[in-house]
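The values are calculated or read from the model by the stated rules, or taken from the named source; none is laboratory data. Please read all numbers here as calculations on a predicted model, not as lab measurements. Note that each Cβ is placed from the backbone with ideal geometry, even for glycine, and that neighbours are counted across all protein chains shown. Quick note on the areas: whole protein, heavy atoms, side chains included, nothing else; ligands and nucleic acids left out. Shrake-Rupley method; radii C 1.70, N 1.55, O 1.52, S 1.80 Å.
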Amino acid sequence: MSNFSSWFSRLRSSSKYFFYYHRTLHKNASTVSNNHGTRNAWRTTSLLPLALAVSAGSFALHPHFNPSLCDAHRGVNVGGKGSTQYVVKGSRKEFPREVLEELKIICQDNISLDYEERYIHGKPQNSFHKAVNIPDVVVYPRSEEEVSKIVKLCNSHKVPIVPYGGATSIEGHTLSPHGGVCIDMSLMKRVKALHVDDMDVVVEPGIGWMELNEYLEPYGLFFPLDPGPGASIGGMCATRCSGSLAVRYGTMRDNVISLKVVLANGDIVKTASRARKSAAGYDLTRLMIGSEGTLGVITEVTLRLQKIPQSSVVAMCNFPSVKDAADVAIATMMSGIQVSRVELLDEVQVKAINIANGKNFPECPTLMFEFIGTEAYAREQTQIVRKLVSEHNGSDFVFAEEPEAKKELWKVRKEALWACFALEPNLEAMISDVCVPLSRLADLISRSKKELDASPLVCTVIAHAGDGNFHTVILFDPNQEEQRREAERLNQFMVHAALSLEGTCTGEHGVGTGKMKYLEEELGVEALRTMKKIKAVLDPNNIMNPGKLIPPQVCF
């Protein structure tokens with residue numbers, strides 16, 4: 001428990017949701033403040049060895065690149081077809097002094113050259129992915145107009161831009177392999193307008209989904225998507241995320257009404273009106289959702305809201321195998337019950353939860369359900385599923401109706417990733433994110449589980465079983481080549497198995513740099529060429545989060 005506590009404390013020290021940090025002032029770092037007070041930044045002593053801060057380290061205004069729309073020509077092959085590398089290469093040229101001076105004018109004190117702060121922004125804390133470079137500058141815009149000025153300036157000098165949200169992405173989305181400017185959106189977190197009667201809200205991108213739901217609760221409303229703690233609304237749009245409630249409410253694609261986006265030339269585009277449906281023109285909203293910062297920087301989001309359910313019941317049950325558990329999840333969905341969550345945990349994951357939280361759950365494959373509606377309807381659903389469980393080798397069916405008991409059960413599920421490190425506190429995690437048609441889920445999980453159990457690495461299974469999406473957490477030491485290759489082999493096995501079952505390499509985590517190598521097999525080269533043509537039109541200088549999402553071998 002002490003090792004886990006130490007690791008969890010270190011993790012939380014990098015999460016803006018849990019803490020605000022006081023930044024030690026360096027000679028080249030200004031106090032950062034705005035009208036709302038001082039913006040605290042990170043102190044990263046526990047994360048960053050002093051030797052690393054001193055070496056490579058003293059800040060120099062290094063380079064930038066003149067990017068091409070065919071990265072393969074530049075020898076950048078991380079993420080290319082068949083790539084097994086995880087350190088993302090990049091090229092840099094000297095950062096233009098005039099750009100830095102202009103950024104100081106635009107952002108005033110909300111700019112940092114501090115090495116540790118730049119390092120944190122260039123190395124995702126929940127991801128093993130790395131890049132050879134880090135951002136040269138981190139800026140903290142306070143308004144849409146500032147974002148527009150920053151982007152327009154960088155475009156005119158061909159300086160790369162990486163938008164930065166809640167820092168919870170795990171596929172290398174926020175790496176800065178070419179240096180450049182990291183645009184941290186954390187100061188843009190206002191609720192701009194709440195329309196209770198229309199059940200929608202207009203927010204800035206830096207607000208977190210958990211903060212938003214705290215704001216909405218007194219109005220009897222909530223935003224139904226629930227990815228990892230700390231995720232921001234802008235980042236959730238950029239990665240087209242979902243979460244455990246997607247089986248009932250859909251993904252980010254289904255819950256965003258409109259966006260405002262700053263394009264590469266600085267133009268501010270509104271993608272749609274506030275109407276619940278529209279057939280007016282191209283669907284620019286859906287184009288931007290999932291674009292991972294490669295087409296523009298999201299500055300405003302209009303979200304669809306839901307009423308807080310009148311009543312809910314949380315149930316748990318156990319099974320002799322993950323296939324039995326998956327079969328019940330499928331049977332539940334086929335029964336027509338409007339379940340709001342169906343989560344599957346294997347016995348290794350349950351063990352991790354027990355160790356991390358001091359629990360005593362039976363260490364066997366487990367399903368967790370949530371039923372919502374009126375009190376009578378939620379209880380009726382519970383009993384129907386209870387019968388299904390008994391018909392599929394299930395046992396120990398228990399349920400909770402008290403608010404605190406339900407909250408505690410979902411808390412341990414939401415913190416499942418951190419719990420994994422209770423098993424191996426000094427290792428990192430490679431996380432799969434495959435998704436298949438629901439009828440193929442049991443087949444995929446059972447095939448994958450055999451491979452995982454035969455591996456010398458510690459692996460857990462966590463699934464959003466109601467919509468065919470499942471994750472494996474593969475714990476490994478990235479400094480050990482043999483372990484890294486084994487983790488990569490397992491990940492590739494599951495991806496290729498999912499693709500053979502008409503599935504996808506990523507159900508909700510996005511592409512970043514980690515999943516690019518699978519896109520040609522999944523989508524075909526013509527689809528990727530079409531994406532690259534769209535990118536070329538909207539971002540001809542390739543400054544917007546370069547090296548992400550579109551594989552480098554794709555040319556036109």
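Over 32 Å apart at the Cα level, from the set Lys407/Lys548; Lys152/Lys414; Lys449/Lys548; Lys189/Lys351, are Lys407/Lys548; Lys152/Lys414; Lys189/Lys351.
The stretch between Val398 and Gln306 holds 30.4 nm of extra length on full extension. This uses 0.36 nm per residue minus the Cα-Cα distance.
Pairs spanning more than 18 Å between alpha-carbon atoms, out of Lys359/Lys450; Lys123/Lys149; Lys158/Lys535; Lys387/Lys411; Lys149/Lys260; Lys89/Lys130: Lys359/Lys450; Lys123/Lys149; Lys387/Lys411.
Using the alpha-carbon centroid of each, what span in Å lies between the stretch 472-519 and the stretch 156-222? Here the two parts' Cα centres lie 27 Å apart.
Each Lys and Arg adds +1 at its Cβ and each Asp and Glu adds -1 at its Cβ; summed about the Cα centre, the stretch 152-198 shows a dipole of about 280 debye. All distinct Cα pairs of the stretch 448-536 go into the 1/r average, and the inverse of that average, the Kirkwood radius, is 14.5 Å.
Dividing the Cα radius of gyration of the stretch 342-467 by its Kirkwood radius returns 0.97 for Rg/Rh. If you look at the Cα atoms of the stretch 263-328, you get an Rg and a Dmax of 20.3, 57 Å. Phi angles of the stretch 492-503 translate, via the Karplus equation with coefficients 6.51, -1.76, 1.60 and θ = phi - 60°, into HN-Hα couplings of 5, 4, 5, 5, 5, 5, 5, 5, 5, 9, 6, x Hz per residue; Gly and Pro are given as x. Taking each residue as 0.36 nm, the span from Glu481 to Tyr377 lengthens on full extension beyond its C-alpha to C-alpha distance by 32.1 nm. Could you tell me the distance between the Cα centroids of the stretch 134-151 and the stretch 386-401, to the nearest Å? Each part reduced to its Cα centre gives a spacing of 52 Å.
For the stretch 296-355, take the alpha-carbon Rg, divide it by the Kirkwood Rh, and send me Rg/Rh. Value, to two decimals: 1.13. Sites listed here are trypsin sites (Lys or Arg not before Pro) in the stretch 152-258 whose DSSP assignment is loop and whose Cβ has at most 15 other Cβ atoms within 10 Å: Arg190.
Can you work out the FRET efficiency for the pair Glu98 and Val191, with r the C-beta to C-beta distance and R0 = 41 Å, to the nearest 0.05? Rounded to the nearest 0.05, the efficiency is 0.65.
Protein heavy-atom surface of the stretch 414-556, 1.4 angstrom probe: 51% of the accessible area is carbon and sulfur, with nucleic acids and ligands not counted. Each residue was assigned an accessible area with a 1.4 Å probe, and for Lys89 the value is about 90 Å².
Ignoring aspartates and glutamates fewer than eight residues from Lys532 along the same chain, the ones with Cα atoms less than 17 angstrom from its Cα are Asp71, Glu292, Glu520, Glu521, Glu522. Expressed as a fraction of 2.2 N^0.38 Å, the C-alpha radius of gyration for the stretch 186-280 is 1.08. For the stretch 320-367, the Cα-based Rg and Dmax, in that order, read 12.3, 36 Å. Globularity index of the stretch 204-349 is 1.22 (Cα radius of gyration / 2.2 N^0.38 Å, N = number of residues).
Ranked by the mean number of other Cβ atoms within 10 Å of their residues, highest first, the peptides 229-237, 350-358 come out as 229-237, 350-358. Using Cβ point charges alone (K and R +1, D and E -1), the dipole size of the stretch 269-328 about the Cα centre works out to roughly 420 debye.
Backbone phi angles across the stretch 134-149, fed through the Karplus curve with coefficients 6.51, -1.76 and 1.60 (θ = phi - 60°), yield HN-Hα couplings of 10, x, 6, 9, 10, 10, 10, x, 10, 7, 4, 5, 5, 4, 4, 5 Hz in residue order; Gly and Pro are listed as x. Restricting the calculation to alpha carbons of the stretch 457-504 gives Rg and Dmax of 12.1, 36 angstrom.
Note on the stretch 399-466: semi-axes of the ellipsoid equivalent to its C-alpha gyration tensor, largest first and rounded to whole Å, are 25, 20, 9.
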